[in-house]
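Here's the structure we're looking at; comments come further down.
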Amino acid sequence: MKLYAVCVYLFLYIPIGIIALFSFNAGRHASQMQGFSVKWYGKTLSNPFVMDALENSLIVAFTSALCASVFGTMAAVALQGIKGPMRTAFDMLIYIAVMIPGIVIGIATLIGLVTVFDQLNPLLALLWPEGFTPPKLRMGMGSLIAAHTMFLMALVVIIVRARLAGMDRSLIEASSDLYATPMATFRQVTLPMIFPAILAGFLLSFTFSFDDFIIAFFVAGSETTLPIYVFSSIRRGVTPEINAIGTMVLGVSLLLLITAQLLLQRGGHKSR
Amino acid sequence: MTKRTRNWLLLAPAGAWFLVMLIIPLTVVFIFSFGERAPSGGVVLAFSFEQYSNLPARWAAFKNTMTLAPIGTLLALLIAYPLAYFLAVKVSPKWKIILLVLVIVPFWTSILIRSYAWIFLLGGRGIPALLDMIGIEGVRLINTPFAVLVGIIYGYLPLMVFPIFVSLDKLDKRLLEASSDLGAKSWQTFLQITLPMSIPGIATGCMLVFILLMGEYLIPAMLGGGKVFFVGNALVDLFLQSRNWAYGSAVAVTLVVVMLITVTVYMRLISRLGASREDVSIM
């Protein structure tokens with residue numbers, strides 16, 4: 001039994017380990033270890049295409065995780081206080097957002113937005129004052145952030161709601177018995193208690209957005225994010241550079257995940 | 001400000017966002033699937049079932065998805081179950097969380113990089129080269145259904161372990177002791193107590209993995225090398241290469257419908273299974 005578990009862990013971690021190992025390869029060949037060197041990290045970090053893609057990925061991940069955390073938390077707090085058709089409608093929306101395959105969300109966003117933009121662009125050109133170039137709506141960072149935010153909002157609502165459900169209601173009642181306004185109760189009682197969940201939701205959202213390939217593939221227009229860059233360079237052939245990018249990406253994800261995990265656990269203990 | 005107004009204001013941004021970025025786009029896909037292809041590459045709105053009647057042209061993608069997704073799910077279950085059992089029943093509480101986190105963490109890291117690792121391992125200079133050294137020659141692993149299955153298991157194993165672990169962890173260990181005190185052999189205890197109690201976990205795990213596999217693109221694209229393709233690969237081809245939006249929309253709608261039907265039937269089966277189990281326990 002123990003041996004079996006060890007085998008499964010090896011299965012899970014050997015491939016990642018090999019990527020990390022080969023990222024320190026001194027040789028030019030991707031599959032022959034020829035001494036230790038960090039030169040591929042240097043090469044990667046000075047490649048303007050990689051840095052550009054990385055910058056895009058960070059902007060998209062940060063913005064969409066932030067929007068998703070704010071709007072998702074707002075919705076989760078409101079959903080706790082309501083019943084009836086509105087509640088059912090939101091439950092449905094969240095269910096749909098999570099259930100529909102990412103690839104279908106990507107496709108739908110692509111053709112939905114392109115269709116809407118095709119209608120809006122002539123209108124904008126008409127309305128714009130003479131002599132100025134009218135703005136042209138097109139697929140790019142904005143559409144990608146909007147698509148990620150939509151999906152991640154659903155994720156944040158689920159996480160924050162779970163935390164709210166596990167919260168001790170008597171604290172809120174006590175607060176309002178002591179004549180705190182609803183806003184004061186929220187700021188001084190509810191928010192500190194759900195904050196670890198919000199932060200964990202933010203970190204998970206960031207990780208998801210940063211690692212997402214399939215939605216970005218459809219929605220990013222001519223912009224390149226890091227996963228898109230990695231995918232297209234794998235298509236061109238395996239190079240040690242991908243190992244270096246991969247190791248860094250895995251490292252960053254691991255760091256964020258462990259932080260999120262610790263936050264969720266600490267938050268969980270506090271309430272008990 | 002009344003409580004009602006406040007709740008409405010809090011829900012407004014999320015609601016508007018879901019409307020613009022989820023409901024409208026999905027509706028457009030649905031409408032386009034009844035349209036016709038415009039010569040310029042767009043869609044002419046119509047009400048025809050032409051796109052749907054052309055679906056058999058992409059039959060192979062549906063067939064691959066509907067065979068490899070269940071097989072992959074089943075293999076992941078067979079590999080995950082003993083590990084989940086080990087973590088829930090055999091490991092001390094101190095190690096439990098650490099070992100569990102170690103299983104889940106890979107799931108949240110880039111599936112792209114993790115599939116890439118297998119291109120490396122299964123490719124000509126990876127495992128086939130090792131087999132070559134011990135005398136087994138000419139083995140080709142990459143770009144086969146086997147490679148896709150390995151990628152699937154590797155990618156989704158964590159998602160299978162977690163729910164099974166949760167259901168086994170809730171199991172009252174005294175039941176197992178009682179069973180062995182009453183003279184049951186360990187395999188009898190397993191079949192009559194442990195396995196039935198973990199069915200909700202198995203059901204959740206299988207459903208999560210299966211749903212994600214139905215829309216999979218990356219794993220077959222990277223490890224199947226264009227020979228083993230899923231519906232997801234057909235969709236990328238239709239929308240990004242041949243730009244046939246009307247037909248692509250019909251394929252996408254069909255994928256979602258097939259998924260919904262499968263999940264509904266599956267849920268029915270599981271709840272019936274659960275119900276019959278309760279009958280047994282009452283007796």
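What follows is calculated from the coordinates using simple rules that are stated; it is not laboratory data. This structure is a prediction, so every number in the text was calculated from the model and none was measured. Because the Cβ atoms are built from the backbone with ideal geometry, glycine has one as well, and the counts that use them run over all protein chains shown.
Structure values in brief
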item	result
Compactness index (Cα Rg / 2.2 N^0.38 Å), chain A	1.25
Shielding by other protein chains, B:4-16, mean Cβ within 10 Å	6
Under 17 Å from A:Lys2, Cα to Cα: aspartates and glutamates that are on another chain or at least 8 residues apart	none
Sequence-distant residues sharing a close amide H with A:Asn25 (under 5 Å, placed H)	A:Ser37
Choice from A:Ile16, A:Ile245, A:Ile198 showing the highest fluctuation, given a GNM over chain A with Cα pairs closer than 10 Å	A:Ile16
More than 28 angstrom apart: percent of Cα pairs within the stretch B:63-229	34
GluC sites (Glu not before Pro) within the stretch A:162-271, DSSP loop, no more than 13 other Cβ atoms inside 10 Å	none
Compactness index (Cα Rg / 2.2 N^0.38 Å), the protein assembly as shown	1.04
Mean Cα-pair separation over length for the stretch B:63-229, i.e. relative contact order, pairs under 8 Å, 6 or more apart, %	37
Descending semi-axes in whole angstrom, ellipsoid equivalent of the stretch A:37-133, from the Cα gyration tensor	34, 28, 15
Cα→Cβ-extended label distance, 7 Å offset, between A:Thr88 and B:Trp187, nm	5.1
Lysine pairs with alpha-carbon atoms under 14 Å apart, chain B, spacing 8 or more or separate chains	4
Cubic angstrom per residue, convex hull over Cα atoms of the stretch A:95-243	197
For B:96-109, mean number of other protein chain Cβ atoms within 10 Å	4
Extent along principal axes [Cα atoms of the stretch A:198-241; Å; largest to smallest]	40, 26, 13
Chain B: C-alpha gyration tensor shape, a/c 1.5 cut-off, then a/b vs b/c	oblate
Neighbourhood charge, 14 Å Cβ-Cβ cut-off, centred on B:Leu168 and excluding it, Lys, Arg +1 and Asp, Glu -1	+2
Mean ellipticity per residue at 222 nm, deg cm²/dmol - from DSSP H runs of n ≥ 4 across chain B, formula -39500 (n - 2.57)	-22500 deg cm²/dmol
Long-range amide H partners of B:Val43 with built H, under 5 Å	B:Ala38
Other protein chain Cβ atoms within 10 Å, averaged over every residue that makes up B:113-125	6
Whole-Hz ³J(HN,Hα) from phi, Karplus 6.51 cos²θ - 1.76 cosθ + 1.60, for the stretch A:40-50, glycine and proline x	5, 5, x, 4, 5, 6, 9, 7, x, 5, 5
Rounded Å value of the spacing that divides the Cα centres of the stretch B:22-69 and the stretch B:101-179	34
